[in-house]
1. Does anyone have the angle between helix 12-27 and the longest principal axis of the chain? Alpha-carbon axes, 0 to 90°, nearest 10?
2. Less than 12 Å Cβ to Cβ from residue 53, Lys/Arg counted +1 and Asp/Glu -1: what total charge do the surrounding residues give?
3. Under a 5 Å amide H to amide H cut-off, with H placed in plane at 1.01 Å, what residues pair with residue 4 once short-range neighbours are removed?
4. Would you tally the net charge around residue 19, using a Cβ to Cβ cut-off of less than 15 Å, leaving residue 19 out, and scoring K and R as +1, D and E as -1?
5. Output the Kirkwood hydrodynamic radius of segment 3-54, Cα pairs only, in Å rounded to one decimal.
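FYI, it's all coordinate maths here, none of it is from the lab. Not measured: the values here are computed from a predicted model. Cβ placement follows ideal geometry from the backbone for every residue including glycine, while neighbour counts extend to all protein chains displayed.
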Amino acid sequence: MKRILLMSLGSRGDMEPFLALGEELQAKGDSVAFCLPAQFESLAKQVSPHFYPHEP
């Protein structure tokens, strides 16, 4: 099992590919965390409980 942190900035369209990748990695048994703008916390937590808000 790998522990993976996915980070991105931008709009929702920029976040969606990272969320999809996180789902695929978790399905393979990896542990995924996200670092995204705080406004995307609820979306990220649908995929993983590990969320770290990006603070500019």
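1. 20
2. -1
3. Counting only residues 5 or more places away or on other chains, the set is 31, 32, 33.
4. So the environment of residue 19 carries a net charge of -4.
5. For segment 3-54, the Kirkwood estimate is 10.6 Å.
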